[in-house]
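The values are calculated or read from the model by the stated rules, or taken from the named source; none is laboratory data. Since the structure is predicted, the reported quantities are computational estimates derived from the model, not experimental observations. Virtual Cβ from ideal backbone geometry, glycine too; neighbours counted across all protein chains shown.
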Amino acid sequence: MRELLFELLENTGELSLEVIILRMAGSVVIALFIFLSYMLSHEGSIYSKKFNVSLVALTTITTAVMIVIGNNLALSLGMVGALSIVRFRTAIKDSRDTIYLFWAIVVGICCGAGDFLVAGVGSAFTFLVFLVLGRIKNDDRLLLIIRTARVNEERVEALIFQYYSRKANLRVKNTTETAVEFIYELSGRTVDRIGRKKGAQGQKSITDAIYEIGNIDYCNFVMQNDEISS
């Protein structure tokens, strides 16, 4: 039993140069699909060229690691022990970036093990999913921030309810002896729909109605979407 264990630990299973080059080349080809998918599914300031290049590098590095440890039990156990003490603190801008990291690692593992069919078919399906659904974003959110005198507190609340009913969520209400500040959260669709409706009826916009109350220090709309929050 002991001799068998030593044989497993010492078995290196060396690969030929042609096989190593083939596996590395296959990982590069599939990594380019990952690169293209990330570029097509991200746009604006959320797209990071450096991160996209890192995905290609991660795929090839994982392939190289798998080639080294794939046929050597001792090296694989050592690699697991080494990676278990590494702590990664890279900030992820978008939740989809985590999926791309996992995708690159899986492709690297498959190519390093020589299973190009699983890597190719799996990447093709993942590529199509991101190509079709990758541009879907959360509904834009707007923050309506109003600061006014305390005497207008009830009038502002009534006006916001009149315009947006229950679709305006009061998130913050800061008060002092002389002033009060409101922060309402609204969806972009709600603001657009109600704005068009009020305009068609010849009514004032929400900002004009607020400033007509008087003693308004400021009234700001702040956009919150994937571009800014990330």
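Just one residue in the set GLY26, GLY108 is at pLDDT 90 or above, surrounded by 17 or more Cβ atoms within 10 Å (Cβ to Cβ) and part of a helix (DSSP H, G or I); that residue is GLY26.
Cβ-Cβ distances below 9 Å connect the following pairs, each with a first residue in the range 12-35 that is acidic (Asp, Glu), a second residue that is part of a loop (DSSP other than H, G, I, E, B) and at pLDDT below 85, and a separation of six or more residues or different chains: GLU14/ASN71. Confirm whether VAL121 is assigned by TED's automatic domain parsing to the domain that holds TYR38, out of contact with any helix residue (DSSP H, G or I) (no Cβ under 6 Å at 6 or more places or on another chain) and modelled with pLDDT of 90 or more. In short, yes. Among the residues of the range 48-68, are any at pLDDT below 80 and either in contact with a strand residue (DSSP E or B) (Cβ under 8 Å, 6 or more places away or on another chain) or within 16 Å of MET24 (Cβ to Cβ) (or both)? There is at least one residue in the range 48-68 that is at pLDDT below 80 and either in contact with a strand residue (DSSP E or B) (Cβ under 8 Å, 6 or more places away or on another chain) or within 16 Å of MET24 (Cβ to Cβ) (or both). Restricting the search to the range 37-56, which residues are free of Cβ contacts under 8 Å to residues at least 12 places away in the same chain and either in a helix (DSSP H, G or I) or touching a His at 6+ places or on another chain (Cβ under 9 Å) (or both)? Result: LYS49, LYS50, SER54. The requirement of being at pLDDT below 90 and surrounded by 12 or more Cβ atoms within 10 Å (Cβ to Cβ) is satisfied by GLY195. Just one of the numbered conditions (1) assigned to a helix (DSSP H, G or I); (2) surrounded by fewer than 16 Cβ atoms within 10 Å (Cβ to Cβ); (3) acidic (Asp, Glu) is not true of GLU177: (1).
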